[in-house]
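Peer 1: What follows is a single structure, and I will ask about it in a moment.
The values are calculated or read from the model by the stated rules, or taken from the named source; none is laboratory data. All values derive from a computational prediction rather than experimental measurement. We place every Cβ from the backbone using ideal geometry, glycine too, and count neighbours over all the protein chains shown.
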């Protein structure tokens, strides 16, 4: 008489159930946590917003400049001057 081996599906079901319980517990914890308070001072919020907009503008300018440089490099590599530049 041999003992029946435990089914792997029982282990998988147990792991899935544990993951589900852990997920529900963490979601409950996050939902009950108090959100970070909104800045009380309008000056602080205004300064932060201004910094954000400045950073966005600088990033956009940097991306445009990089795209121009990339397109110029592609034109130089594929244009008639490309092989001549590669020889020098």
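Residue by residue, here is whether (1) part of a loop (DSSP other than H, G, I, E, B); (2) more than 26 Å from the chain's Cα centre (by Cα); (3) at pLDDT below 85; (4) surrounded by 10 or more Cβ atoms within 10 Å (Cβ to Cβ) holds:
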{"site": "13", "(1), (2), (3), (4)": "no, yes, no, yes"}
{"site": "23", "(1), (2), (3), (4)": "no, no, no, yes"}
{"site": "36", "(1), (2), (3), (4)": "yes, no, yes, no"}
{"site": "49", "(1), (2), (3), (4)": "no, no, no, yes"}
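Peer 1: Return the total of residues in the range 1-11 being modelled with pLDDT of 85 or more and loosely packed, with under 10 Cβ neighbours inside 10 Å.
Peer 2: 1
Peer 1: Sticking with this structure for a sec: Given the structure, is residue 40 outside any helix (DSSP H, G or I), out of contact with any strand residue (DSSP E or B) (no Cβ under 9 Å at 6 or more places or on another chain) and modelled with pLDDT under 95? Steps first, answer last, please.
Peer 2: Values: outside any helix (DSSP H, G or I): yes; out of contact with any strand residue (DSSP E or B) (no Cβ under 9 Å at 6 or more places or on another chain): yes; modelled with pLDDT under 95: yes.
Against the criterion (outside any helix (DSSP H, G or I), out of contact with any strand residue (DSSP E or B) (no Cβ under 9 Å at 6 or more places or on another chain) and modelled with pLDDT under 95), residue 40 qualifies.
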